[in-house]
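First up is the structure itself, then whatever we jot down about it.
Derivation of every value follows stated rules applied to the coordinates shown; laboratory data play no part. The structure presented is a predicted model; accordingly, all values stated were derived computationally and were not measured. Note that we place each Cβ from the backbone using ideal geometry, even for glycine, and neighbour counts take in every protein chain shown.
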Amino acid sequence: MTHLVTLAEVDKDKVTPGVLGFIVFAVMALAVWGLMKSMNRHMGKVDFKEAADPNAEPGTEAGSAPAKG
């Protein structure tokens, strides 16, 4: 059994995240992917058309600044 350890070159001073670190990272990556997919679906439902202002003067476009005079 001791002859297999020399092939792995285990260093007691070296710290690695290991399997638990990989699992945590994978879960976080899946969560971000799911959130981005959900956000994309919700943003597709949003209507970006601006409603006309009922108080605006006729002939002016919505979103344009009123003429000062």
* Approximate spin-label separation L35-L20, in nm, with each point projected 7 Å along Cα-to-Cβ -> 2.3
* Spin-label model distance (nm) - D13 vs V46, 7 Å beyond Cα toward Cβ -> 5.3
